[in-house]
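In what follows, a single structure is set out as structure tokens and then discussed.
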Amino acid sequence: MQFTQIEFLLFLALVLTIAWQCRQRHSRNLVLLLASYYFYSYWDYRFCGLLLFSTAVDFVVAKKIQTTPARRSKRCWLVVSLSSNLGVLGFFKYFNFFIESAAPLVQSLGWNPGTLDIILPVGISFYTFQTLSYTIDVYRGKIDATDSLLDFALYVAFFPQLVAGPIVRASELLPQLSGNVPHWSSRRFYGGFQMVLRGLVKKVLLADRLGEMVDVVFAGPELYDGWTVWLAVIGYAGQIYYDFSGYSDIAIGIAKMLGFRFPVNFRHPYLAGSVTEFWRRWHMTLSRWLRDYLYIPLGGSRHGSMRTAINLIITMLLGGLWHGAAWTFVLWGLWHGVALVVERWLRSLSGRASPFCLGHLSTLAVVGVGWVLFRCDSLQDCWLVVQQLVFWSPGIGWYPPLAIAAVGCMVADHIAWSTRLRRVMRLRFDRWYAPVVTTIMIACLILYAPRGFAPFVYFQF
């Protein structure tokens, strides 16, 4: 059940109706928890057991960390949480990847290892990071372990962000779940509805239209000319942005309609003037997670330039591997890690940041090359795309109007949000044009609905 399906819209309407009828915190949270497990079981009910396992382990471990006085014992309990969660994630997501990567070596020793028929549970990367942040924060003394299993179970399984984020920390959501039921606010509900509608427009009218062209070209890049491949690469940059930011907008909007606040996950990343700034704008909740729970514990920038460079590369390598069990994702992470190191080095030489125009263009180039690695299924496919981008071999010229129009909308959208027009695009409750634009967006969504919906890109992670 995807956000863009009519089944989900009916499910959401029912949940909103029942949830706002519950004036007691306990009953409201119970309704939302049951709805969240129903939502997750719609994908595959068998994986609800993994969700329950992660919830139970981290609830118990956090309580043990909270009540155990000895530092050594606290550390042991933290290891239990880390090994349990990362062990499950590693088995389902990386077992076959490591077996296949090690196959040439073990085959030379006379052993032929086989892979397992493993189905990747939807959202496991996201809720694993979410529960880990809870136990780590309790271990660090930043938050207290919750006494309510119901509140914690809802924190882990809350359906708006369960499948693909944003990665919400316990310090951000648990106080809202344990507090009083928020009062109804028509303005807040309208604001959430507008975010949901904006997310649907991003997904259906932009990301899916770009994806139709991108999928065809990346399936055989050697068949097309340089201009077409360039259009496909730019199109994928737009597709993955509007697909994932659209999902995040819908998740944040649904939470807002229910009376909860989620952190912002995207802030127009293609307007960034540096790779560092890009990662402060792109998938912001993951970037902060990697910074706080990986980069800083490794030493951050506290131990000299060489150690900082190593820490950056390790962080981005693991961030790339988090996205998928393939060498293309590992190289994508390495590419961004090296770019961050080079950027810091150049800044240290000049003592100041590059001019915005130069920094902006170089950032788009780095990010664009990275998207080639991210999109291709193999390193061989990456090389075929790069060949067409660089050497402009002859081939089919294909420039579908819808894809070109969607790219134009992406450019216009970023220009508008970087100017005073962003005030108009927010469609505030008291503006006369808001209902007109809202009606147009709904009509366009209905018009394109018969063409079907593609899965969200980040569902595979």
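The values are calculated or read from the model by the stated rules, or taken from the named source; none is laboratory data. Remember, it's a predicted structure, so these values are computed and weren't measured experimentally. Cβ atoms come from the backbone with ideal geometry, glycine included; neighbour counts cover every protein chain shown.
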Check your understanding: Which residue, of V156, V138, V122, is at pLDDT below 85, in the same structural domain as L52 (by TED's automatic domain parsing), under 25 Å from N29 (Cβ atoms) and surrounded by 11 or more Cβ atoms within 10 Å (Cβ to Cβ)?
Key -> V122
Review point. Of the residues that make up region 304-319, is at least one out of contact with any helix residue (DSSP H, G or I) (no Cβ under 9 Å at 6 or more places or on another chain), surrounded by fewer than 17 Cβ atoms within 10 Å (Cβ to Cβ), outside the structural domain of V217 (by TED's automatic domain parsing) and free of Cβ contacts under 8 Å to residues at least 40 places away in the same chain?
Key: yes
Practice item. Within region 348-369, work out how many residues are in contact with a Ser or Thr (Cβ under 8 Å, 6 or more places away or on another chain) and part of a helix (DSSP H, G or I). Key: 4
**Study point:** Cross-chain or 6+ apart pairs with Cβ under 9 Å, region 386-401 first and assigned to a helix (DSSP H, G or I), then loosely packed, with under 13 Cβ neighbours inside 10 Å and hydrophobic (A, V, I, L, M, F, W, C)
**Key:** none
**Study point:** Enumeration of residues in region 347-392 that are exposed (fewer than 11 other Cβ atoms within 10 Å of the Cβ), of a type in the set (A, V, I, L, M, F, W, C) and under 25 Å from T328 (Cα atoms)
**Key:** V390, F391
Check your understanding: Restricting to region 73-95, what's the tally of residues that are under 20 Å from F329 (Cβ atoms) and either surrounded by fewer than 16 Cβ atoms within 10 Å (Cβ to Cβ) or free of Cβ contacts under 8 Å to residues at least 12 places away in the same chain (or both)?
Key -> 4
**Study point:** Given (1) touching a residue at least 12 places away in the same chain (Cβ under 8 Å); (2) outside the structural domain of T419 (by TED's automatic domain parsing); (3) crowded, with 16+ Cβ neighbours inside 10 Å, index of the condition Y270 fails
**Key:** (2)
Study note, to complete from the structure: The condition of being on the phi < 0 side of the Ramachandran plot, outside any helix (DSSP H, G or I) and of a type in the set (A, V, I, L, M) holds, among A325, A406, A339, only for A325
Exercise for review: Please go through region 219-235 and pick out each residue that is more than 21 Å from A405 (Cβ to Cβ) and of a type in the set (A, V, I, L, M).
Suggested key: A219, L223
Revision key, fill the gap. Over region 19-55, the set of residues within 24 Å of P175 (Cα to Cα) and loosely packed, with under 15 Cβ neighbours inside 10 Å is Q21, R23, Q24, H26, S27, L34, L52, F53
**Study point:** Some residue of region 362-371 being closer than 18 Å to S274 by Cβ, at pLDDT 85 or above and touching a Gly at 6+ places or on another chain (Cβ under 6 Å)
**Key:** no
Study note, to complete from the structure: Those helices (runs of 4 or more DSSP H) completely within region 1-101 that have 3 or more residues that are among the β-branched types (V, I, T) are 6-19, 48-67
